[in-house]
Amino acid sequence: MAKHRYLVALGSNMRHPRHGGPRKVLAAALDALDKGKYEVLAASPVIESAPIGPSRRRYANAVALVRSKREPDELLRKLHKIERKFGRRRMGAAWGSRVLDLDIVLWNGGPWAAGEGMESLVIPHPAFRARDFVLGPARRIAGTWRDPLTGLTINHLHARLTKARPAPR
């Protein structure tokens, strides 16, 4: 069976009692993912970003290139299991503070949609094209990957997102 490649986004803006601050949480999450049926091929440098929504704490963000024989829904279950081990509970307000957030952004199998509610999965991630905290790190390790819906590379999507625009008059 062929191995799949995934682009996984990581984020944290809270301390963990054992692992420490958000940057260390991301490092520990990468270690947890790089076991058994999953192999972390590359990880971007960690960046800091402003929060989206009600949270006031800045986030540490990174992306990882992961290889596995597993299908996307199986990887999603693994990511949710890792989040729970770090104390994440998927309930309440969206975009709140969290110890760990793991999302599948892209994979080499094209578009994917499955599941319902908290276990639903849509690839490509519906919001990744508008998130510099995903595209910025992603271009460092997977800049030539293409969005299967637009055909544009991550480098191109990032350039579009960060392009200087004239001030409105």
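Just a few scattered comments:
- If you run the Gaussian network model on the chain, springs between alpha carbon atoms under 10 Å, then out of Pro72, Pro45, Pro126 the most flexible one is Pro126.
- Stretched out straight at 0.36 nm per residue, the stretch from Arg56 to Arg169 would grow longer than its current Cα-Cα span by 37.6 nm.
- Selected from Pro111, Pro137, Pro124 as most flexible by GNM, with the chain as the system and alpha-carbon contacts under 10 Å: Pro111
- Every Cα-Cα pair in the chain was counted, and those over 24 Å apart are 33% of them.
- Furthest towards positive pole of dipole, Leu152, Pro72, His19, structure part the chain, Cβ charges: His19
- Choice from Glu74, Glu83, Glu48 with maximal GNM fluctuation in the chain (Cα, 10 Å cutoff): Glu74
- Taking amide H as placed 1.01 Å from N in the peptide plane, Arg70 has its amide H under 5 Å from the amide H of His4, each at least 5 places away in sequence or on another chain.
Throughout, read-outs are computed from the coordinates displayed, never taken from laboratory work. Keep in mind that this is a model prediction, so the values were computed, not measured. Counting neighbours? That spans all protein chains shown, and the Cβs are built from the backbone with ideal geometry, glycine included.
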